[in-house]
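As structure tokens, the structure follows; a few thoughts come after it.
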Amino acid sequence: MKISGICGSLRKNSWNHILLKIVLNKLSKTKNIDTEIINISKFPLFNADIESVATPPDILDAKEKVKNSDLVIFSSPAYNSSYSGVMKNVVDWLSRAPQVLSGKNALVIGCTPGMSGTLLGYTNLNQLLFGLGMNVLSQPKILVSSVNKKINSDGDVLNENLEILIDKGVETILNKINI
Ligand SMILES: Cc1cc2nc3c(=O)[nH]c(=O)nc-3n(C[C@H](O)[C@H](O)[C@H](O)COP(=O)(O)O)c2cc1C
């Protein structure tokens, strides 16, 4: 059993990367699942001219990892009431033939230091992944506002309600993908 994560932020201290790591660590501890955050930092902006010469090795590697995963968790920041452009670029590359996304379990999570949360970006990203034939999980909803007050940069969860949300979320994920 393998669960992979993709973060839609390239920032060194990305909250979405930290949140993704927390969720994946809990999953691997709970059921000894193999987890990994796929490195997308070297993905170029999609350009069919690049693809027509050769798909870059990092993208081939990421596609292979997605192919071998039972679930892919997409953690995206809220950018202008949607998900990030980085995430769209990653999905565009991954969507290219040979197909690895169709039929694959997907879960979108996200966080922001802002107070309004990431629901709009979550909805938009769910729609994108659904359109690509992914089996998008509608639960759990691990969407976190004011994240800078709820977790720290070491990945400690400082907020009891968030701790409960993540613990229950991990249980739901395991039930949904039949582990
Ligand atoms: C272009 C841009 C647009 C943003 N739009 C929103 C937004 O609509 N809502 C929000 O809560 N935060 C917004 N933010 C703030 C980001 O969510 C915040 O910087 C967050 O920490 C980025 O995620 P990261 O920490 O994983 O890099 C925006 C930031 C940028 C750079």
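Derivation of every value follows stated rules applied to the coordinates shown; laboratory data play no part. Note that this is a predicted model, so its numbers are computed, not measured. Quick reminder, even Gly has a Cβ in these numbers, built from the backbone with ideal geometry, and neighbours come from all protein chains shown.
So, with +1 on the Cβ of K and R and -1 on the Cβ of D and E, and no other charges, what is the size of the charge dipole of the chain about its Cα centre, to the nearest 20 debye?
Taking the Cα centre of the chain as origin, the dipole is about 160 debye.
Would you calculate, for the chain, the mean residue ellipticity at 222 nm contributed by helices, counting each DSSP H stretch of 4 or more residues as -39,500 (n - 2.57) and dividing by all residues, to the nearest 500?
On the way: 6 runs with 74 residues, N = 179.
It comes out at -13000 deg cm²/dmol, rounded to the nearest 500.
Kirkwood-based Rg over Rh for the range 1-101 (C-alpha set), two decimals?
In the range 1-101, Rg relative to Rh is 0.98.
Residue separation times 0.36 nm, minus the C-alpha to C-alpha distance between LEU10 and GLU171: what's the value? Before the final figure, lay out the partial values.
Details: separation 161, 0.36 × 161 = 57.96 nm, distance 2.85 nm.
Full extension from LEU10 to GLU171 adds 55.1 nm.
Taking the Cα atoms of the range 101-179, report the difference between the largest and smallest coordinate on each principal axis, in whole Å and largest first.
36, 28, 18
Pulled fully out, how much extra length does the chain show between ASN68 and THR55, if you take 0.36 nm times their separation in residues and subtract their Cα-Cα distance?
Full extension of this stretch gives 2.8 nm more.
List the pairs from LYS29/LYS168; LYS12/LYS63; LYS149/LYS176; LYS42/LYS176 whose alpha-carbon separation is above 20 Å, in the order I gave them.
Numbers: LYS29/LYS168 14 Å; LYS12/LYS63 23 Å; LYS149/LYS176 30 Å; LYS42/LYS176 32 Å.
Distance filter (> 20 Å) returns LYS12/LYS63; LYS149/LYS176; LYS42/LYS176.
So in the chain, what percent of DSSP beta bridges are antiparallel if you round to the nearest 5?
Counting only bridges with both partners in the chain, antiparallel ones make up about 10 percent.
Whole-Å semi-axes of the range 2-176's equivalent ellipsoid, largest first, each the root of 5 times a Cα gyration tensor eigenvalue?
Working: eigenvalues 131, 63, 43 Å².
They are 26, 18, 15 Å, listed largest first.
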